[in-house]
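The values are calculated or read from the model by the stated rules, or taken from the named source; none is laboratory data. Model, not experiment: these values are computed from the prediction. With ideal geometry, Cβ positions are generated from the backbone for all residues, glycine too; neighbour counts draw on all protein chains shown.
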Amino acid sequence: MNLQMKMEQLLRNDFMTFNRLSPSLTHGLDLVFETEVPSFAVEDVSGEVILKVSVSRPNSGEAHFENPQKLAIVFFRYEKFLNSLPADFQEGKGRCELLVNDKSTKYFLLGELKNRKRKQRAAAMRKAKTQMLSVIEQLIRVPSIKAHISTFPRKRCCVFNSWMTKTPVQGHETQRKINVPDTVRRSQNPTPNPKQLSVPEMEKFGFSFWEYSGTRPLKFTEKHWSL
């Protein structure tokens, strides 16, 4: 099966059949988009995740990516897919906005887009963890989907929280100046970005859990995924 279509066909057919749902329920839905450009973003616009290659807007609910090798990156709108299914089937099931993979089967990720201020972050991350774990469990219940996901050596669950604590200046980001004594400033350790959080329930399925803040991009490179 063509790798571009692999996950889409597995979800439209195998997932539906396994769960005793008619594949016709998702006919006509636009669920997939792809790109090979070296730098891009995706944004949730009124419930529809779209590809962007233009200049980003601060605090707009985006996920940013760098793709220096110009790999073919395929996005599946999982939340849109799940929302098209009967209400009784959706009940109790977590969701994430995107399933993402490259055609060369190196990288596979679940993506969730957020735009939360610092005081809302902890609750948002707890919810995202629960939702993404549920998605993993939904997917691997289907033997063919489990087998397909296992072909990817690098797997992540990523929360892209686009709320920025920085002010864009002429297309670049500079930290807001805060009058803090040098002794205090030196004692503060910056929060890692991206930041990995330990979630053993995900790790047993081969997934790590990450938060990307502001416009920090996820990079489709061996070095980045070895962090």
When only residues in region 99-140 that are in a strand (DSSP E or B) and in contact with a Leu (Cβ under 7 Å, 6 or more places away or on another chain) count, which is surrounded by the fewest Cβ atoms within 10 Å (Cβ to Cβ)?
D102
Quick check on region 160-180. Is at least one of its residues at pLDDT 90 or above, surrounded by fewer than 13 Cβ atoms within 10 Å (Cβ to Cβ) and more than 24 Å from S104 (Cα to Cα)?
no
In region 141-155, is there at least one residue being closer than 23 Å to I50 by Cα, touching a strand residue (DSSP E or B) at 6+ places or on another chain (Cβ under 8 Å) and surrounded by 15 or more Cβ atoms within 10 Å (Cβ to Cβ)?
yes
Counted residues, region 84-105 - those being polar (S, T, N, Q) and at pLDDT below 95
2
